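The values are calculated or read from the model by the stated rules, or taken from the named source; none is laboratory data. Small disclaimer: the values here were computed from a predicted structure and weren't measured. Every residue, glycine as well, gets a Cβ built from its backbone with ideal geometry; the counts of neighbours run over all protein chains shown. All accessible areas refer to the heavy atoms of the entire protein, side chains included, with ligands and DNA or RNA removed. Shrake-Rupley method; radii C 1.70, N 1.55, O 1.52, S 1.80 Å.
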Amino acid sequence: MAKPERAFGEIADKVVFENERVRIWEPHLPPGQRGPVHRHALDHILIQIDGDRVAVHPEPHTTGPYKDYLEADAWPGNAIYVERGGVEVAHNIGKRTYHEIIVELK
């Protein structure tokens, strides 16, 4: 019998725009909060809006570019291109709410 496909959480709190070419998410993570395990099926751009420190906990079977635990300072206005395939949990390890925009490229 085939194993059922794993269910993942949403990438962020809400989709703020979507058309045939892009989907734009807007996540907010209060200090100490972790998001759900999610999968990035599309290449995307992260645009940091606010916050001070964030971490990513990749799952063992991720196929994205980040295979190991990663911590980084947040820089408002910083834009980061990330290739698809990541299976991970975002974690705000800072003292301020982490806020970013995620632009998925279809």
- Message: Being of a type outside the set (A, V, I, L, M), more than 16 Å from THR97 (Cβ to Cβ), open to solvent by less than 70 Å² (accessible area, probe 1.4 Å) and at pLDDT 95 or above: is that true of ARG39 here?
- Response: no
- Task: Restricting attention to strands (runs of 3 or more DSSP E) lying wholly within the chain, give those where 3 or more residues are over 12 Å from the mean Cα position of the chain (by Cα) and hydrophobic (A, V, I, L, M, F, W, C).
- Result: 15-18
- Note on the structure: Within region 58-100, restricting to residues that are surrounded by 13 or more Cβ atoms within 10 Å (Cβ to Cβ) and aromatic (Phe, Trp, Tyr), the one that is farthest from ASP13 (Cα to Cα) is TYR66
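Residue-wise test of (1) farther than 11 Å from GLY94 by Cα; (2) of a type in the set (Phe, Trp, Tyr); (3) surrounded by fewer than 18 Cβ atoms within 10 Å (Cβ to Cβ).
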{"residue": "GLU18", "(1), (2), (3)": "yes, no, yes"}
{"residue": "VAL22", "(1), (2), (3)": "yes, no, yes"}
{"residue": "HIS28", "(1), (2), (3)": "yes, no, yes"}
{"residue": "GLY32", "(1), (2), (3)": "no, no, yes"}
{"residue": "GLY35", "(1), (2), (3)": "yes, no, no"}
{"residue": "ASP43", "(1), (2), (3)": "yes, no, yes"}
{"residue": "VAL56", "(1), (2), (3)": "yes, no, no"}
- Exception for ALA12 within (1) closer than 22 Å to ILE93 by Cβ; (2) open to solvent by 50 Å² or more (accessible area, probe 1.4 Å) falls at (2)
